[in-house]
Structures are given as structure tokens and as C-alpha cells.
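Undergrad: Right, I'll just put the structure down here and ask away after.
The values are calculated or read from the model by the stated rules, or taken from the named source; none is laboratory data. Since this is a predicted model, take the numbers as computed values, not measurements. Here Cβ is always computed from backbone atoms with ideal geometry, including for glycine, and neighbour counts include all displayed protein chains.
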Amino acid sequence: MKRILLTLTIILLLFTVTAGNSVIIEEATSEYALATQTIFHNYTIVDTGQLYDYDDSDQISFPEEGEAFFGQDAQYQGNAPSYRDNGDGTVTDLNTGLMWQQSPELYDLSTHAEALGGAESFTLGGYDDWRLPTIKELYSLIDFTGSTYAQIPYIETDYFDFRFGDESLGERFIDAQYWSSTEYVSTTMGGDVTAFGVNFADGRIKGYPTETGPDGSPKECFVRYVRGNPDYGINNFVDNGDGTITDNTTSLMWSANDSGVGMDWEDTLAWIQEKNDENYLGYSDWRLPNAKELQSIVDYTRSPDTTDSAAIDPLFNITSILDEGESINYPFFWTSTTHLDGPNPDFAVYISFGEALGFMSTPSGTELMDVHGAGAQRSDPKSGNPADWPQGNGPQGDVVRINNFVRLVRSGVAEPVTAEPTGGTTIPLPPEMTVWIVVAVGGIAVIGVVFVVRRVLSKR
């Protein structure tokens, strides 16, 4: 008996040590994970992957219709991400029909000119028709189960190779920016020629100067080439003549008018419930678009500076605003997607249809300028007072508005989810915290077993 109890103690101790890097949070099981493929469209929008519901600061139980925070991202299921590893260095997206380079050059970054030129000679998997992706193609890969705080990339690493910034090389941890071929029709940072890219370390779109980086030389980013479905990201809008606009390539129907006023995230979700109660424009199933749906209607050929308009097709009506510099500009628009960038889920994603302004430090002082470009995707606090952010947020001083505008969407393939997923967790923890929690819990278990063993042996 004594040997058996001692053996059990040793086994439990070994389990505790080896569990430190194992999965301690069960993967959520839900209808989302079992989603079947839908009819292929030229511009199929892949779901964000977000599974859980949040209020202004924490995870919440599944909100019912009529309750606060009802109608957010996790309550609608779209085209579940689905990839195929072709075994030849390529990955096919079974939703979009795009084929991707699986492994970019992880330690040999490229200028924008090199990225564009390199596609002409790039061969992989027996194909030589690769191209640098557009911003809409590149954004199709973003996965909002990512978390900067927990060091979880915003891309599916079971299929795509990825690395965070290497601080030993002088990079920031969040330096995982990928070039797109989409050039900003205006400039950023007070005159820099700019191209859009996606940062898969922090889950954002921004414009990156192509000719002048932080050290004065051209900025270098990662490159992941793509091929196939050349029509991906091209809209085909039809004005239905009833206050709605349909995009025939995504099958989404949009309200032609926006909300006309800004509001915080909770009020936005409540306002949409009100519009459904009044059967707005003849429909009662309007919702707040998720990040990828809303980004799909950005028109990257337009900007306030170059076309004197928002970055959206002129079929849509958009309210103009006076920005933080008292100039005419266009709003940020809320999405239903929570941005898990920090320790709390208190920010939500927005798309900037006007200039993405920031308070930048310059030799002459702080200046308000277009730092990311019209069409950028950033995030704002879900609630609060913008006056509490006089210098903005983040490295480029992104202006904080909180009271952002709303454009309604309906139809498409998104289906309401009727219950929250079973198992899983809300806000991922950083790896080092996960390890310590496992070790601590396991240590307590070991102490308990040892205590029981000693009690048993003391009675012999």
C-alpha cells in the first residue's frame, strides 16, 4: 500500500511539471466549429472567429434579445475559417478560393518596392502567377481570436508560419506588419507615400510609409504572396431604391444612411435593437457588422484629401463631422467585434472611413495628422469620455472618439447563434501566467496528495 501511494504521488508531480505548456483551457465546442461550407462567392467574407460575448470590461453570459450588449460579433456565425495545407508550401482558403504562401521569409523583410517586384519572379508549388495581396485579400486572413496581451497571433498558425517581433534584433514585440499592394491615395505622417498593411501581432490595418521608415530608410515588412480568385475584394453594389444597398458579391444588404450621430458601443447595440423593433426600412433583422464585413465596403480609391469624400462608394450616404482639428472629415464606424488587445475586453474594433488621425510628436511639438490613412482598422474604448484621452492612444496617438457612428447590415450567410459555446474561456492569459497558474494548481494538488499519503502511513 505504501509503495502504491508513493507511486501515485510521483505520477501526479510529473503531470504537474509537464502540464505547464499543455492546453489547460478546453477548446470551445459549438455549432461554429461544425459550420459547413457555403456557396462560393467571388468575395466570400470569412468569419472573425470570435466566440465569446463581452461588455465594456469583461466577459458576460450570452445576452438575450432585449438585454444590454445583445447583437455583438459572437452571436452571429458566418463562414467559419477553413484551410487546406496542400503539402507543397501552399495553403488554400476553402472559403475565398485564394491560395497562400505558407511560410514567408521570417527574417528577411522587404521594402514595399521589393515586395511588389519579388512577386514577378516568385515560384512556389509549381505556380508562377503569385502576387502581393490587396488589403482586402490580406485582411481575409485575420482571426479575432488573437490577443496581443496573451501573445496569440491574429492568424491561424496551424496553417501559416508566423513570428512576433524579435526584441533581440531591435524590433518591438508587435512588429509583425505585412505589406499589401494597396497604396493609400493620399499620404500619412505629413506627406509620406503610404501603402496599407495588416499587423497580425496586434490585429489592425494601418498605412505604412513606403519610402521613409523610422530610421530614415524605406520601411521593411513581412511578405506573404497569394494567387487565384483575382476578383476577390471587388464590390458590386446595387441601390435597391428603398434606403438599402446590396453588394451582390458578398450578398450583404446595407443601410444607405448611417446613424447620423455617434454613440458608444453599448448604446450602438441598443440602438440597433430599437431599429429592429420599428421594422426599419421594412426589415427587423439588422445587426452591427463585424470587422471583416464592414471593411469589405471600404473604397480604397477614395480619401478626404484626394476625392473630397469618405473612403466609401458614393451610393452610400455618410455624415461629415468636424474632427479634432476643426476640419471637415468623416467618422469612425463601430463594428460588433471586440478587440482583445489588452488585459480587459474594453476596446472594440472600428473602421475609419475618414482620415485615421493621431497626435504625433514632432520636433516642433505635437501635431494632429493622418497617421494611418482612410480605410484603416483600429479600436476605441467601448465607453468613457474622449476628453480623458487628450493625446490619443498608442504609439501614434490615435484620436479617441468613443462616440462612433453606425451603419446597419443584414442578410449574407451570418446566422444567429442561439447559445454560448460550451467550455473555453474569455480573455486569454499571457503564456507565462498560464504556466504559473498550472504549476500553482498542480502544486496544490501534489501537497494534497502528500498530505493524504502521510495520514494513511501514520495510521499503519
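Undergrad: Looking only at region 395-422, which residues are buried (at least 20 other Cβ atoms within 10 Å of the Cβ) and of a type in the set (D, E)?
TA: Of everything in region 395-422, just one residue is buried (at least 20 other Cβ atoms within 10 Å of the Cβ) and of a type in the set (D, E), namely D398.
Undergrad: Can I ask one more? Residues in region 369-419 that are within 30 Å of T134 (Cβ to Cβ), small (G, A, S) and at pLDDT below 95: how many?
TA: The qualifying residues number 4.
Undergrad: What is the residue count in region 222-257 for residues that are farther than 21 Å from K275 by Cβ, of a type in the set (A, V, I, L, M) and surrounded by fewer than 20 Cβ atoms within 10 Å (Cβ to Cβ)?
TA: Number satisfying all stated conditions: 2.
Undergrad: Same structure again: Does E367 satisfy being surrounded by fewer than 23 Cβ atoms within 10 Å (Cβ to Cβ) and farther than 18 Å from I45 by Cβ?
TA: So E367 fits the description; yes.
Undergrad: Here is a further query. Would you be able to tell me the number of residues in region 275-301 that are aliphatic (A, V, I, L, M), over 21 Å from A74 (Cα atoms) and assigned to a helix (DSSP H, G or I)?
TA: So the answer is 1.
Undergrad: Is there a residue being of a type in the set (A, V, I, L, M), surrounded by 20 or more Cβ atoms within 10 Å (Cβ to Cβ) and either at pLDDT 95 or above or in contact with a Gly (Cβ under 8 Å, 6 or more places away or on another chain) (or both) anywhere in region 96-106? Write out each step before concluding.
TA: So in region 96-106, the residues of a type in the set (A, V, I, L, M) come out as 98-99, 106.
With surrounded by 20 or more Cβ atoms within 10 Å (Cβ to Cβ) added as a condition, the list becomes 98-99.
Applying the additional criterion that residues be either at pLDDT 95 or above or in contact with a Gly (Cβ under 8 Å, 6 or more places away or on another chain) (or both) yields 98-99.
Looking through region 96-106, at least one residue is of a type in the set (A, V, I, L, M), surrounded by 20 or more Cβ atoms within 10 Å (Cβ to Cβ) and either at pLDDT 95 or above or in contact with a Gly (Cβ under 8 Å, 6 or more places away or on another chain) (or both).
Undergrad: Going through region 321-357 one residue at a time, which ones are part of a loop (DSSP other than H, G, I, E, B) and surrounded by 23 or more Cβ atoms within 10 Å (Cβ to Cβ)?
TA: Start the filter on region 321-357 by keeping residues that are part of a loop (DSSP other than H, G, I, E, B), which leaves 323-327, 330-331, 340-346, 353-356.
Across region 321-357, the qualifying residues are Y330, P331, L340, P345, F353, G354, E355, A356.
Undergrad: Being aliphatic (A, V, I, L, M) and in a loop (DSSP other than H, G, I, E, B) is true for just one of I318, I272. Which residue is that? Lay out the reasoning, then the answer.
TA: On the way: I272 fails: in a loop (DSSP other than H, G, I, E, B).
So the residue among I318, I272 that is aliphatic (A, V, I, L, M) and in a loop (DSSP other than H, G, I, E, B) is I318.
Undergrad: Within region 378-395, work out how many residues are closer than 23 Å to Y154 by Cα, without any contact (Cβ under 8 Å) to a residue 40 or more places away in the chain and assigned to a loop (DSSP other than H, G, I, E, B).
TA: So the answer is 2.
Undergrad: What number of residues in region 79-113 are of a type in the set (V, I, T) and under 16 Å from N42 (Cα atoms)?
TA: Within region 79-113, the first condition is being of a type in the set (V, I, T), and the residues that meet it are 90-92, 96, 111.
Adding the requirement that they be under 16 Å from N42 (Cα atoms) leaves 92, 96.
Qualifying residue count, region 79-113: 2.
Undergrad: Can you run down the residue pairs with Cβ atoms below 6 Å, 6 or more apart or on separate chains, where the first is in region 46-63 and free of Cβ contacts under 8 Å to residues at least 40 places away in the same chain and the partner is in a loop (DSSP other than H, G, I, E, B)?
TA: From residues that are free of Cβ contacts under 8 Å to residues at least 40 places away in the same chain, the pairs are P63/F69; P63/F70.
Undergrad: Being in contact with a Phe, Trp or Tyr (Cβ under 6 Å, 6 or more places away or on another chain) and of a type in the set (S, T, N, Q) is true for just one of T307, T338. Which residue is that?
TA: T338 is the lone residue from the list that is in contact with a Phe, Trp or Tyr (Cβ under 6 Å, 6 or more places away or on another chain) and of a type in the set (S, T, N, Q).
Undergrad: Select from region 258-269 the residues that are crowded, with 17+ Cβ neighbours inside 10 Å and either outside the structural domain of N329 (by TED's automatic domain parsing) or not in a helix (DSSP H, G or I) (or both) and list them in ascending order.
TA: D258, S259, G262, M263, D264
Undergrad: Could you pull out every one of the strands (runs of 3 or more DSSP E) wholly within region 176-227 that has 2 or more residues that are over 22 Å from the mean Cα position of the chain (by Cα), β-branched (V, I, T) and more than 23 Å from I155 (Cβ to Cβ)? Quick ask: steps written out before the conclusion?
TA: Values: elements: 177-188, 192-199, 204-209.
Passing ranges, in order: 177-188.
Undergrad: Scan region 304-312 and tell me whether some residue there is part of a loop (DSSP other than H, G, I, E, B), in contact with a strand residue (DSSP E or B) (Cβ under 6 Å, 6 or more places away or on another chain) and either more than 21 Å from T194 (Cβ to Cβ) or modelled with pLDDT of 95 or more (or both). Give the steps one after another, and end with the answer.
TA: Step one: of region 304-312, the residues part of a loop (DSSP other than H, G, I, E, B) are 308-311.
Those left that are additionally in contact with a strand residue (DSSP E or B) (Cβ under 6 Å, 6 or more places away or on another chain): 311.
Filter once more, keeping what is either more than 21 Å from T194 (Cβ to Cβ) or modelled with pLDDT of 95 or more (or both): 311.
Yes, that holds for at least one residue.
Undergrad: For V238, which of the numbered conditions (1) free of Cβ contacts under 8 Å to residues at least 24 places away in the same chain; (2) part of a loop (DSSP other than H, G, I, E, B) fails to hold?
TA: With (1) free of Cβ contacts under 8 Å to residues at least 24 places away in the same chain; (2) part of a loop (DSSP other than H, G, I, E, B) applied to V238, the lone miss is (2).
Undergrad: Within region 118-154, can you find the residues that are among the aromatic types (F, W, Y), over 22 Å from T249 (Cα atoms) and buried (at least 19 other Cβ atoms within 10 Å of the Cβ)? Spell out the reasoning first.
TA: Going through region 118-154, the residues among the aromatic types (F, W, Y) turn out to be 122, 127, 130, 139, 144, 149, 154.
Now drop any that are not over 22 Å from T249 (Cα atoms), which leaves 122, 127, 130, 144, 149, 154.
Passing the criteria: W130, F144, Y154.
Undergrad: Here's something else I'd like to know. So which of E137, E156 is under 30 Å from Q72 (Cα atoms), outside any loop (DSSP other than H, G, I, E, B) and touching a residue at least 60 places away in the same chain (Cβ under 8 Å)? I'd like the intermediate steps shown before the answer.
TA: Details: E156 fails: outside any loop (DSSP other than H, G, I, E, B).
The match here is E137.
Undergrad: Just for region 179-198: of the residues that are surrounded by fewer than 22 Cβ atoms within 10 Å (Cβ to Cβ) and touching a residue at least 24 places away in the same chain (Cβ under 8 Å), which one is farthest from E367 (Cα to Cα)?
TA: So in region 179-198, the residues surrounded by fewer than 22 Cβ atoms within 10 Å (Cβ to Cβ) come out as 181, 183, 185-187, 189-193.
Still in the list and also touching a residue at least 24 places away in the same chain (Cβ under 8 Å): 181, 183, 185-187, 189-190.
Numbers: S181: 28, E183: 24, V185: 21, S186: 18, T187: 15, M189: 10, G190: 9 Å.
Top of the filtered list is S181.
Undergrad: Return yes or no: is P304 crowded, with 21+ Cβ neighbours inside 10 Å, out of contact with any Pro (no Cβ under 6 Å at 6 or more places or on another chain) and within 30 Å of L138 (Cβ to Cβ)?
TA: Details: crowded, with 21+ Cβ neighbours inside 10 Å: yes; out of contact with any Pro (no Cβ under 6 Å at 6 or more places or on another chain): yes; within 30 Å of L138 (Cβ to Cβ): yes.
Yes: the conditions hold for P304.
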